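Just below is one structure, and these are the notes that go with it.
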Amino acid sequence: MPETDLSLLIDAARQSGEIAMRFFQQNPDVTEKPDGAGPVTAADLAVNNMLEESLSAARPDYGWLSEETEDSTKRMSTKRQFVVDPIDGTRAFIEGSKDWSHALAIVENNQVIAAAVYLPVRDVMFAATLGGGATMNGAPIRSADAAVEGATILGAKPNFDGRFWRGGVAPPVKRAFRSSLAYRLCLVGQGRFDGMITLRPSWEWDIAAGALIASEAGARVTDQHDQQLKFNNSFPKVPGVLAASPSLHANLAVLLEPDLANP
């Protein structure tokens, strides 16, 4: 058994990649979830089954929250919780692109304390512990700083509609996109992009691991109202995410309309 929570997550993320790659570009079975919740593949379920079995066996006293497991109130009475997205960016996985990931986190007292995000096609492992810094393939990473004008911001196009910004005009940034929310947060931590934003309510499993990695790399990561993110909520969603260097984050936060509807 791995000695630390982080090594446990890293090992499990690599095992996840081995399973997912057996399905990748092999026309995996795809099912649409009810209520427009998106697609799920045989790969998502196979990875989830492995993770739930192996992680729960290694840490039987930890709670469990995963996109592909029916939620239970049992996790609310545990000291620590696994928060897992077996495949973050399932649509990218189905399309055969490189930018999907496995996102694994451990939460204690509503904070993420350990995280791993693995992109198996790229063989890139992001990892972090609370107060211990963030790494990519074992090397330290650091977020970048930038002025608002010309900053590179990851986000879906609707987030940059003028109605969400003061004065009715989005800031003069360069927009980019990656399917996996966890990967977007890691790219901010790596310094490849200056920030990321989503104004839609976000499931904890999509953002928990990446949020710690970005923040441990020096970025400020909050919800869209500039409030600290809290995890292991009874309803596991948070109101959007904004991540960037502290100065860029502050400058973007004041430009957002205070009462936002979802894009």
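The residue that is farthest from the chain's Cα centre (by Cα), counting only those in region 41-67 that are surrounded by 15 or more Cβ atoms within 10 Å (Cβ to Cβ) and not in a helix (DSSP H, G or I), is ARG59.
The selection criterion, being outside the structural domain of CYS186 (by TED's automatic domain parsing), hydroxyl-bearing (Ser, Thr, Tyr) and closer than 19 Å to ALA211 by Cα, does not hold for TYR62. The lone criterion from (1) in a loop (DSSP other than H, G, I, E, B); (2) on the phi > 0 side of the Ramachandran plot; (3) among the small types (Gly, Ala, Ser) left unmet by GLY167 is number (1). Within region 68-108, restricting attention to residues that are β-branched (Val, Ile, Thr) and assigned to a helix (DSSP H, G or I), the residue that is nearest to LEU185 (Cα to Cα) is THR90.
When you scan region 12-22, how many residues do you find that are over 17 Å from MET136 (Cβ atoms) and surrounded by fewer than 19 Cβ atoms within 10 Å (Cβ to Cβ)?
The qualifying residues number 4.
Taking the criterion of being closer than 27 Å to GLY167 by Cβ, of a type in the set (D, E, K, R) and either touching a residue at least 40 places away in the same chain (Cβ under 8 Å) or in contact with a Leu (Cβ under 7 Å, 6 or more places away or on another chain) (or both), the only residue of region 207-255 that qualifies is ASP223.
All but one of (1) aliphatic (A, V, I, L, M); (2) in contact with an Asp or Glu (Cβ under 7 Å, 6 or more places away or on another chain); (3) in contact (Cβ under 8 Å) with a residue 40 or more places away in the chain hold for LEU199, so report the exception by its number. For LEU199, the exception is condition (2).
The values are calculated or read from the model by the stated rules, or taken from the named source; none is laboratory data. Note that the coordinates shown come from a computational prediction; the quantities given were computed from them, not determined experimentally. We place every Cβ from the backbone using ideal geometry, glycine too, and count neighbours over all the protein chains shown.
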